[in-house]
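Down below is the structure, laid out as structure tokens.
The values are calculated or read from the model by the stated rules, or taken from the named source; none is laboratory data. What you see is a predicted model, and the numbers here were worked out from it, not measured in a lab. Every residue, glycine among them, receives a Cβ derived from its backbone with ideal geometry; neighbour counts consider all protein chains shown. What goes into the accessible areas is simple: the full protein's heavy atoms, side chains included, and nothing from ligands, DNA or RNA. Shrake-Rupley method; radii C 1.70, N 1.55, O 1.52, S 1.80 Å.
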Amino acid sequence: MRTSRDGRERRAVASRLARMPTGAKLFLILSAALLPLALIAVVATLQTNRTADEEARAQLRVAIAESSRALGIELIGDMTALRVALNALDIDARDAPSCARAQGVFAQQLAAGGRFMIADRLGRVLCGSDLGKELALDAPAAAGPISARIFPARGIVLSMAGTSGVTTASAFFPTGMLASIGRPTGFTPPYAADLQHDDDRLNLQALADHGPLDRRERMRASIGIGELFLEMSVRNAPISSPLLIAMLLPIVMWLAAAGITWLVVDRLMVYPLRRLRANVSAYRPGEEIDMGEIRSIPSQEIRELGDTFRTISRTVALHEADLAEGLVRQTRLTREVHHRVKNNLQIIASLINFHARGARSAEVVTAYASIQRRVDALAVVHRNHFAEMEENRGLSLRAVIGELASNIRATAPDESARMGIVLDVEPFLINQDVAIAVAFIITEIVELAMLCIPDAQIRISARADAADDRAILRLSSPGLIACAALQEALDERYGRVLEGLSRQLRSQLHHEELSGAFEISIAIIGRD
């Protein structure tokens with residue numbers, strides 16, 4: 001009973017459609033056929049605009065990372081040097097050499113309009129120049145934290161207290177200097193940059209509005225000092241007249257095509273193409289498109305198109321098989337190359353050790369040992385890189401430093417037999433380039449400490465930095481406290497080597513002369 005009623009309803013609908021004018025039937029057919037195409041075109045236009053926004057966001061992410069890192073390195077380095085002078089003047093207010101060193105560090109900042117001041121509790125200036133009441137900022141009550149204040153259109157002031165709380169230090173950094181330091185290299189799009197602290201903002205780079213449809217992409221990054229943040233923004237792809245036309249044009253074309261009644265779209269074109277499109281959409285890489293249904297299509301041109309797609313899919317499958325086989329061969333070749341390099345480094349280390357045992361001079365033995373430590377450092381990195389090749393997730397910083405410390409103790413001279421190396425390394429992952437530079441920096445600094453105090457106790461630590469992709473590598477030892485022998489060794493050889501390695505890491509190597517420590521920021525790619 002129900003089946004007969006459904007049949008009558010279908011026949012009634014078909015009868016009404018049959019009685020409709022031909023123009024109306026063509027209008028409905030073309031509207032139903034072309035509306036999806038119009039919507040796809042609009043979505044494609046929006047997707048193009050969204051892709052441009054993603055590119056702008058990626059460029060902005062790289063630019064703000066570079067700018068915040070440059071500003072952080074500059075401000076942290078300047079305030080670290082100022083803290084050293086502050087602590088010295090806190091002990092002896094007449095310590096002229098400490099003041100002179102601080103003035104030397106701030107020479108470039110002074111030339112750019114910056115100023116600094118170290119004063120006692122009565123407000124008397126012990127070093128630098130008075131910042132004046134218009135740039136006054138209360139220092140923290142205790143030593144350690146650094147307070148910051150933004151003076152709109154002028155710059156920022158950073159302040160800190162000495163160890164005893166009697167003396168304070170303040171530094172003023174003008175807007176022009178900060179804008180120059182924070183300008184990202186190779187970043188061509190116009191951008192806006194602001195420093196933020198609480199509700200205060202300091203504009204470093206302005207970006208004018210282009211109208212009510214102007215859209216911007218904004219990002220915010222921490223500077224790493226004084227709770228300062230850097231905010232940068234760039235323009236997204238504007239919603240312009242051509243874009244609006246591109247979005248509306250498919251709809252207009254759909255309406256126009258639906259109104260042209262003499263364009264008949266029948267099953268010889270629309271239906272076969274939809275079947276072909278379904279087959280192509282269901283295609284997966286490595287498969288071959290099944291053209292069984294397409295062969296029954298009456299349109300010869302569409303059948304030929306289906307055969308072409310099948311040929312292309314077969315060719316793609318063959319190419320993918322060739323690429324997979326080539327990747328296997330390349331992996332084997334790379335593994336063989338790394339194995340041979342590792343063996344060659346071991347042979348070189350053995351030859352150096354053999355010649356060192358036959359040397360008659362203590363100086364020659366020391367030189368051989370120094371060379372062997374550097375070859376061992378490179379071999380340690382290469383061995384760990386070879387071990388990580390299958391997973392390709394990076395080198396374990398803890399494993400590299402642990403093996404390196406064992407090799408250094410093994411090759412240490414007799415007078416350094418009681419030398420101890422304490423490790424406190426978090427499980428970071430680094431790439432090979434960073435690992436090589438880190439290994440050489442540790443080798444150079446440990447050898448420098450042994451040169452000053454042969455049985456020096458050395459502590460190597462690596463901890464997380466404020467940025468997610470950075471870590472702080474720190475080496476401390478009594479043998480690294482500032483002295484004449486240490487300074488002579490740095491001036492003659494070690495200083496140039498350490499400076500070159502820090503440039504390779506794109507960071508600044510800090511030497512804390514009073515506590516006897518070297519510290520540098522390194523890039524990481526994750527955690528183990």
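Within the stretch 142-183, being in a loop (DSSP other than H, G, I, E, B) and crowded, with 19+ Cβ neighbours inside 10 Å holds for 146, 162, 167, 182.
Yes or no: residue 147 hydroxyl-bearing (Ser, Thr, Tyr) and within 19 Å of residue 199 (Cα to Cα)? Answer is yes for this residue. When the stretch 471-493 is filtered for residues that are under 26 Å from the mean Cα position of the chain (by Cα) and free of Cβ contacts under 8 Å to residues at least 60 places away in the same chain, the ones remaining, listed by number, are 472, 473, 474, 475. The set of residues from the stretch 108-141 being surrounded by 11 or more Cβ atoms within 10 Å (Cβ to Cβ), part of a loop (DSSP other than H, G, I, E, B), hydrophobic (A, V, I, L, M, F, W, C) and without any contact (Cβ under 8 Å) to a residue 40 or more places away in the chain comprises 136, 137, 139. Checked against the criteria, residue 423 counts as under 27 Å from residue 527 (Cβ atoms) and in contact with a helix residue (DSSP H, G or I) (Cβ under 9 Å, 6 or more places away or on another chain).
Name the single residue, out of those in the stretch 92-102 being free of Cβ contacts under 8 Å to residues at least 24 places away in the same chain and outside any loop (DSSP other than H, G, I, E, B), that is nearest to the chain's Cα centre (by Cα). Result: 101. Does the stretch 173-184 contain at least one residue that is of a type outside the set (Gly, Ala, Ser) and over 22 Å from residue 65 (Cα atoms)? No; the residues of the stretch 173-184 include none that is of a type outside the set (Gly, Ala, Ser) and over 22 Å from residue 65 (Cα atoms).
Could we say that residue 384 is at pLDDT below 75 and open to solvent by 60 Å² or more (accessible area, probe 1.4 Å) here? Judged against the criteria, residue 384 is not a match.
For the stretch 199-219, the candidate set comprises residues that are modelled with pLDDT of 85 or more and either surrounded by fewer than 19 Cβ atoms within 10 Å (Cβ to Cβ) or part of a loop (DSSP other than H, G, I, E, B) (or both); within that set, the residue that is nearest to the chain's Cα centre (by Cα) is 219.
Residues in the stretch 494-528 that are open to solvent by 60 Å² or more (accessible area, probe 1.4 Å), under 22 Å from the mean Cα position of the chain (by Cα) and in contact (Cβ under 8 Å) with a residue 40 or more places away in the chain: 5 in all.
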